[in-house]
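Here's the structure we're looking at; comments come further down.
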Amino acid sequence: MSTRRILVSSALPYANGPIHLGHLVETTQCDVWVRLHRLLGHECYYVCADDTHGTATMLRAEAEGLTPEELIADLQTEHQQDYAAFSISFDEFHSTHSEENRLLVERFWRAFEEGGHVARRTVRQFYDPEREIFLPDRFVKGTCPRCKSPDQNGDSCDVCGATYTPQDLIEPRSVLSGATPVERDSEHLFFRLSDFEETLRAWATPERLQPEVVNKLEEWFEEGLRDWDVSREPPYFGFEIPGEPGKYFYVWVDAPIGYLATFEVLCRRKGLSFDEFLAPDSEAELHHFIGKDILYFHCLFWPAMLAGAGLRLPTSVKVHGFLTVDGAKMSKSRGTFVLARTYLEHLPADAFRYYVAAKLGPGLGDIDFNLDDFVLRINSDLVGKVVNIASRCAGFLHKRFGGRLGSALDRPELFEEVATARGEIAETLAALDTNRAVRRIMALADLANRYIDERKPWQLAKETAGPQADAELLAVLTTGINLFRVLMTYLKPIIPETAAKAEQFLNVETLAWEDAATPLLDHEISTYHALMTRIDRSAVDAMIEASKAEQAAAPRVAGASAPGAASAPADTAEREPVDPLEAEIAIDDFSKVDLRVARVLRAEPVEGADKLLRLRLDVGDHRCTVFAGIKAAYEAGSLEGRLVVVVANLAPRKMRFGVSEGMVLAAGPGGGDVFLLSPDSGAVPGQRVR
């Protein structure tokens, strides 16, 4: 087998917030893939960095009384610690706010200018008149111009995937102040994306991209590639564009270049050649792992930038779906928006890694972190099936044979069956079909456990001692330990911390992939200590409660999500009707409901719905859209300007007509006899109702 040279990256976490489980889906998927290829003997490097620039970082630093540099330095340390605790095996973790990245960005920019790929034009840009700041795309929200979904970002729609400018939004608003932005003229610089259409079409093939991604790119090609606005106005935290005083590179310019700047740091440290990996004729490989929310940037802009800079294009871009928890969007109010460090205070990292691997496939489908299933699967698979093999054999081996394996197996054909699956499992893991690989490994674990159940070493150990009985028992125990060794080798990329404990138990330097083909014989193993223990549901519940408390205490910072951050979808879970006789709640449950005064900014009928009105509400610190079944009782126009009471912490619910982000309170038997609860005229939006 020839050795491959592989450079891998996962999306950069944004440096204005902590690492959460959504981030860890991607880094786990990527890390399993990287560890597999290292185990197969390939030269594989994994790089990542903090994505530091942009208005969001600047504003958070301002809110915390820090400089942006101080903020990103603190968060980089936290990010590295969190990733390390989940065994993410970066070869280099750096920062986009670095001298290496600045120089490389300027190298790219010179190449764009020399190649004629830069255009200059005056644009009308949104400006927040209250905060007196130009608004980046993600700081403008409004209704999608294509599918009419409310509360979408200023650059793309999470519902239909459309991309557009903030000016295309229907009823845009500033995320910072809630004010309606005004347009101001500003001269901007553009990257001519259309110059690279032929290159991109030739690159975007099923050999490099998943079928769903190829289809999406074809849609974008048919719509026509638009020039990309790559400059931003001050105040802005980022790199100033050479020769353009007061203009800064948009964060999405320097963020992906940060992959290569980080690799440059690694090259310097390890004596590698940057050009051998990145030159146009390089025989090395370049793979990027990303979430589907940043597909446009990585499958159009980034390969075009590489081509414009005279560098090789990616070998592949591997795209995954979002993480939901118990079938719904990660929610801070429900405690399912779980930070990495909160998880680790209650549960082992390998358990999460295993569960993610058991759920992820090669496509873009979302995966659900079902808390009950998580507990059952870890206890059943890892503890009950795999670790159980070692614990069932090790005690007898030490008690009767001093911990030394025999010189022969009891069932060589069974060992051969399990060991020869390594090629199939490696191929499946390499194809990112980790859920299928996990199912295959667990099927082999079932074979091993059936063998032990059939041979019953505990009964053999009770029989009269003698050379023949001892030889039979030793052969059975040796077979069991060797089956465990092979299974742990297959699981090593997925649960590396547990695999390291298994290596200590087996008294081997490493669980090497090819060594799985040969049984470990006449070898002394160490005393067995529990490699993994059962998870109690109470630990999961404690994690959720800790997350609720943590989020309740955390300050809200505008722009906390940004490029490169793992995203979560709208809540599309079906709700089962609740029997009112079974819906009693305690006072503690009721106290969780956050009732606020809201002002109706706009009310309108919902096309195609007989009972619904769409209400746009001002809740003081934010605005939201609510669908209310009060059409029979109220004319839409009569509600505008009225004060109502809204459940402000209700999880968003995706309906056929859009996303409802709360609930207005009303009373009455229904139909035309419904009366909205209205606070006194002296109340103000955002005021808590007690």
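The values are calculated or read from the model by the stated rules, or taken from the named source; none is laboratory data. Bear in mind that the values here come from a model prediction, so they are computed numbers and not experimental data. Ideal geometry is used to build each Cβ from the backbone, glycine not excepted, and the neighbour counts take in all protein chains shown. Surface areas here come from the heavy atoms of the whole protein model, side chains and all, with no ligands, DNA or RNA. Shrake-Rupley method; radii C 1.70, N 1.55, O 1.52, S 1.80 Å.
Take the conditions (1) out of contact with any Gly (no Cβ under 7 Å at 6 or more places or on another chain); (2) touching a residue at least 40 places away in the same chain (Cβ under 8 Å); (3) open to solvent by 20 Å² or more (accessible area, probe 1.4 Å); E219 misses just one of them, which is (2). Exactly one residue out of G41, G17 is under 17 Å from L429 (Cα atoms) and either in a loop (DSSP other than H, G, I, E, B) or without any contact (Cβ under 8 Å) to a residue 40 or more places away in the chain (or both), and it is G41. Evaluating R35 against the criteria (1) in a helix (DSSP H, G or I); (2) in contact with a helix residue (DSSP H, G or I) (Cβ under 8 Å, 6 or more places away or on another chain); (3) open to solvent by less than 20 Å² (accessible area, probe 1.4 Å) leaves one unmet condition, (3).
The single condition among (1) surrounded by fewer than 22 Cβ atoms within 10 Å (Cβ to Cβ); (2) closer than 27 Å to G384 by Cα that R353 does not satisfy is (1). Scanning region 336-346 for residues that are within 24 Å of K385 (Cβ to Cβ) and crowded, with 20+ Cβ neighbours inside 10 Å yields one hit, Y343. Residue-level check: of (1) open to solvent by less than 70 Å² (accessible area, probe 1.4 Å); (2) on the phi < 0 side of the Ramachandran plot, G178 misses just (2).
Does any residue in region 305-327 that is at positive phi come within less than 8 Å, Cβ to Cβ, of a residue that is open to solvent by 30 Å² or more (accessible area, probe 1.4 Å) and assigned to a loop (DSSP other than H, G, I, E, B) six or more places away or on a different chain, and which pairs are these? These pairs meet every condition: G310/P280; D326/N370; G327/N370; G327/A573. Checked against the criterion of being open to solvent by less than 10 Å² (accessible area, probe 1.4 Å), modelled with pLDDT under 95 and of a type in the set (A, V, I, L, M, F, W, C), the candidates A15, A49 yield just one match: A15.
Considering only residues of region 495-548 that are of a type in the set (S, T, Y) and touching a Gly at 6+ places or on another chain (Cβ under 8 Å), which is least open to solvent (accessible area, probe 1.4 Å)? Ranking the qualifying residues of region 495-548, first place goes to S547. Listed by first and then second residue, the pairs with beta-carbon distance under 9 Å, at least 6 apart or on different chains, first residue in region 357-371 and closer than 17 Å to A430 by Cβ, second open to solvent by 50 Å² or more (accessible area, probe 1.4 Å) and of a type in the set (G, A, S), are P362/A431.
Here's a check for you: in region 659-677, which residue that is modelled with pLDDT of 80 or more and farther than 25 Å from K548 by Cα is nearest to the chain's Cα centre (by Cα)? So, considering only residues that are modelled with pLDDT of 80 or more and farther than 25 Å from K548 by Cα, the one nearest to the chain's Cα centre (by Cα) is A666.
In a residue-by-residue description of region 97-108, the property of being crowded, with 16+ Cβ neighbours inside 10 Å and under 22 Å from the mean Cα position of the chain (by Cα) applies to no position.
Mind checking which residues of region 126-176 are without any contact (Cβ under 8 Å) to a residue 24 or more places away in the chain and touching an Asp or Glu at 6+ places or on another chain (Cβ under 8 Å)?
Listed by number, the residues that qualify are Q152, N153, D155, Y164.
Please go through region 84-113 and pick out each residue that is of a type outside the set (F, W, Y) and in a loop (DSSP other than H, G, I, E, B).
Those that are of a type outside the set (F, W, Y) and in a loop (DSSP other than H, G, I, E, B): S87, I88, S89, D91, T96, H97, S98.
Hey, any hits in region 192-210 for a residue that's in contact with an Asp or Glu (Cβ under 6 Å, 6 or more places away or on another chain), open to solvent by 60 Å² or more (accessible area, probe 1.4 Å), more than 23 Å from D50 (Cα to Cα) and part of a loop (DSSP other than H, G, I, E, B)? Looking through region 192-210, at least one residue is in contact with an Asp or Glu (Cβ under 6 Å, 6 or more places away or on another chain), open to solvent by 60 Å² or more (accessible area, probe 1.4 Å), more than 23 Å from D50 (Cα to Cα) and part of a loop (DSSP other than H, G, I, E, B).
Residues in region 235-246: is at least one open to solvent by 10 Å² or more (accessible area, probe 1.4 Å), in contact (Cβ under 8 Å) with a residue 12 or more places away in the chain and in a helix (DSSP H, G or I)? No, region 235-246 contains no residue that is open to solvent by 10 Å² or more (accessible area, probe 1.4 Å), in contact (Cβ under 8 Å) with a residue 12 or more places away in the chain and in a helix (DSSP H, G or I). In the set T518, T527, T533, only one residue is among the hydroxyl-bearing types (S, T, Y) and within 18 Å of V386 (Cβ to Cβ); that residue is T533.
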